[in-house]
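Colleague: Below: one structure in structure tokens.
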Amino acid sequence: MQGRKIATLLISLLAAFLLWLYVITSIAPEATARISDIPVTVDGSIVLEERGLIITDQRTENIWLEVSASRVNLTKLNSSSIRISADASKIREPGTYELSYSVIYPDTVNSNDVDLLRQSTSRVTVTVSRLDTKTVPAVISWQGSVPEGYTAETGSATLNPEEVTLTGPTEEISKITEARVVFDLSAMNETVIQTIPFTFYDEDGNIILISDNTTVSAESATLTLQILRSRQVSLQVELVEGNGVTADNAVVTFSTETITVKGNAEVVDAMDDVLIVGSPIELSKIRDQQTFRCNLNLPAGVTSDTGETTVEVTVAIVGISKASIPVTDIRVINQMEGYETSVTSKSVNVTVRGATSEINQLRNSKNNGIYILVDLEGNTQTGSFTVVGTVVNDAHPDVGVVDEAQVSVSVTPSAETPPETSEG
């Protein structure tokens, strides 16, 4: 009994379904429906670009349609299966245009089997602008500062690419004057290689937001920035004492007392607090005051913050006395064979300097222990001429000789020895 009831129920349901199917397909085949949010496609953009034009605004983006069709066909129609197409290929000048459109149904539905009853609009509104191309420089905007003890080499920082090409509506890209990357230096203590997006600016520094209508050759740039260790060091020069002048008699001044050096952190940190510049300066060769151009003897890979490679050093001699001492003891060595040399300078004044007590002793001493040595080795000149003699001052080591000694000599052939005579 139970099985018969179930079979009877199933047969009834099947009969009802067949009756419903017959009604909707035969008795009442047509129905209406509104299909909303159908996207609008505007064709012809490639043709417009060839004419130097671009669609910058499409005010009609979606359309609704009210259609009549069989219930079977209506099940196949929706906002995804229907395409609405407007053709802009005939536009030749910038402006706003009202375009007619076509409704394209899916391949499974014959367009003749669908009646379009109503639509939200019969036109598609588009705005067409002139298409242009412009190249702008890529620049860096620095913010903040590196920590103390470090230097950012912003002057040699590089951006890749160095410029950006924009293609889009003239009224949009004409305002843009630069593509800028913004970088914050705060907390930076090592070399940076980083990709940063571009932001576009006008000549007044205002940000220009580019629309989807504009394309750019690059949306970001790679920034390379060297961060160096830096520190301050003081300058010193090596002094060589001699001839009565000590370091206490030298007043040394620098064009700059300290410099800031920068370079590899390990090398810079290993440097002393005092930097010896140039070559040793011999105090005995300075008469009163002399200025030297000294090299900054920096380790490899380390430079000064200003880029200078030299520094001026002025040395002035103070605190000692000078006097002109006559020297009569003039000795000649290495004379030419076959020639006689006579010194025509009977006395040569020699400028000396040293402690006042030493100078006074020399002045008051008849035999001051200073002599001039004239070495004629290699000389081939004859007659009267002047030679430079070496002042020898072994007796007074704390007194220095300032000037060279100019000695006048005369070189003449030796007199012939008379021949020997024999007795008769």
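The values are calculated or read from the model by the stated rules, or taken from the named source; none is laboratory data. What you are looking at is a predicted structure, and each value in this text was computed from that prediction instead of being measured. Here the Cβ is made from the backbone with ideal geometry for all residues, glycine too, and neighbour counts use every protein chain on show. Just so you know, the surface numbers come from the protein's heavy atoms only, side chains and all, with ligands and any DNA or RNA stripped out. Shrake-Rupley method; radii C 1.70, N 1.55, O 1.52, S 1.80 Å.
Colleague: Are there GluC sites (Glu not before Pro) in the range 226-295 that DSSP marks as loop and that have at most 16 other Cβ atoms within 10 Å, and which are they?
Modeller: Glu238, Glu241, Glu257
Colleague: Among Gln143, Thr328, Val352, whose Cα sits farthest toward the positive end of the charge dipole of the chain (+1 at Cβ of Lys/Arg, -1 at Cβ of Asp/Glu, about the Cα centre)?
Modeller: Gln143
Colleague: How compact and how long is the range 72-141, expressed as Rg and Dmax of its alpha-carbon atoms in Å?
Modeller: Here Rg and the maximum Cα pair distance are 19.7, 64 Å.
Colleague: The chain: Rg/Rh from Cα coordinates, Kirkwood Rh?
Modeller: We get a ratio of 1.53 for the chain.
Colleague: A follow-up question, please. Taking the range 325-378, which trypsin sites (Lys or Arg not before Pro) meet the DSSP loop condition and have no more than 13 other C-beta atoms within 10 Å?
Modeller: Passing both the DSSP loop test and the Cβ count: Lys346, Lys366.
Colleague: Take Leu373, Leu225, Leu10 and sort them by solvent-accessible surface of the protein heavy atoms, 1.4 Å probe, largest at the top.
Modeller: Leu10, Leu373, Leu225
Colleague: If you don't mind, another one. Convex hull over the alpha-carbon atoms of the range 370-417: what's its volume per residue in Å³?
Modeller: Looking at the range 370-417, the number lands at 103 Å³ per residue.
Colleague: Under a 1.4 Å probe, what is the accessible area of the range 125-217 per residue, stated in Å²?
Modeller: Value returned for the range 125-217: 55 Å² of accessible area per residue.
Colleague: When you count, for each residue, the other Cβ atoms within 10 Å and take the mean per peptide, how do 172-184, 43-55, 298-310 rank with the highest first?
Modeller: 172-184, 43-55, 298-310
Colleague: How large is the convex hull of the Cα atoms of the range 168-213 per residue, expressed in Å³ as a whole number?
Modeller: Expressed per residue, the convex hull around the Cα atoms of the range 168-213 is 95 Å³.
Colleague: What is the percent carbon and sulfur in the accessible area of the range 36-163, measuring with a 1.4 Å probe over the protein chains and ignoring ligands?
Modeller: C and S fraction of accessible area: 41 percent.
Colleague: Follow-up question, since we're still on this one. Give me the dipole magnitude in Debye, nearest 20, for the range 326-405 about the Cα centre, with unit charges on the beta carbon: positive for Lys and Arg, negative for Asp and Glu.
Modeller: The calculated dipole for the range 326-405 is roughly 360 debye.
Colleague: Also, quick follow-up: What is the magnitude of the charge dipole of the range 216-367 about its Cα centre, with +1 placed on the Cβ of each Lys and Arg, -1 on the Cβ of each Asp and Glu, and no other charges, expressed in debye to the nearest 20?
Modeller: 780
Colleague: To the nearest 10 square angstrom, what accessible area does Tyr339 show with a 1.4 Å probe?
Modeller: Counting only protein heavy atoms, Tyr339 exposes about 80 Å² to solvent.
Colleague: Note down the magnitude of the dipole of the chain about its Cα centre, charges +1 on Lys and Arg C-beta and -1 on Asp and Glu C-beta and zero elsewhere, to the nearest 20 debye.
Modeller: Charge dipole of the chain: 2540 debye, to the nearest 20.
Colleague: Going by the alpha-carbon gyration tensor, a ≥ b ≥ c the square roots of its eigenvalues, is the range 281-423 rounded (a/c under 1.5) or, if a/c is not under 1.5, prolate (a/b greater than b/c) versus oblate?
Modeller: Here the range 281-423 falls in the oblate category.
Colleague: Let me ask something additional. Which Cα, out of Tyr105, Asn393, Ile259, lies furthest along the positive dipole direction of the chain (beta carbon charges, K/R +1, D/E -1)?
Modeller: Tyr105
Colleague: Diagonalise the Cα gyration tensor of the range 114-215 and give the resulting equivalent ellipsoid semi-axes, square root of 5 times each eigenvalue, largest first, whole Å.
Modeller: The three semi-axes for the range 114-215 are 44, 16, 11 Å.
Colleague: Which order do the peptides 375-387, 399-411 take when ranked by the mean count of other beta-carbon atoms within 10 Å per residue, highest first?
Modeller: Order by mean packing, descending: 399-411, 375-387.
Colleague: What angle do you read, to the nearest 10 degrees and between 0 and 90, between the alpha-carbon axis of helix 2-22 and the longest principal axis of the chain?
Modeller: Tilt relative to the chain: about 80 degrees.
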